[in-house]
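The values are calculated or read from the model by the stated rules, or taken from the named source; none is laboratory data. Here the structure is a predicted model, which means the values were calculated and not measured. Every residue, glycine among them, receives a Cβ derived from its backbone with ideal geometry; neighbour counts consider all protein chains shown.
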Amino acid sequence: MTHDTSAPVRRNLLLLFVAIAVLVIVALAIVFTRGEPEVLDESTPEGVVQRYAAAVLDGDDDEALNWLSDDAREECGTTQSVTSDLRVALISTDVRENSADVRVQISQNGSGPFGSEYSYEEDVKLTREGGDWRIEVAPWELTICLMDGEIR
């Protein structure tokens, strides 16, 4: 009497292939849904810093200027170009009645033969103007400035 063992082997192989396919699909779903960071509420200091930093990194000076305080727009006297490999991450927030400090981590790929990266933490200082949060002082890498009333 011979016993056919090919049916259980085929079933086990099929189950193995199905399990691998499910794992691949789950892994791809995780990778593709991570994408963009959560958009924070623009009525919060964190949301203002997020929108300002995004505008600066996108090169949208007009949008970035909308998030600056009146004093910051008037007093700025230099410009700073931003490189495309700059990244900004939220660390913490200290909110007071009419001012706030949002601590961010700024990371950038360095040049050179080893392609090193450096990062450090900085505070973005905000103030309330007409009930809205506006940026008073930003780290130099994220500074958008006016000279003679024009973006330079």
**Message:** Need pairs with beta-carbon distance below 6 Å; first residue in contact (Cβ under 8 Å) with a residue 12 or more places away in the chain and within the range 128-141, second in a strand (DSSP E or B) and of a type in the set (Asp, Glu); sequence gap 6+ or separate chains.
**Reply:** 139/122
**Prompt:** Just wondering, is there one or more residues in the range 77-92 that are part of a loop (DSSP other than H, G, I, E, B) and modelled with pLDDT of 85 or more?
**Reply:** no
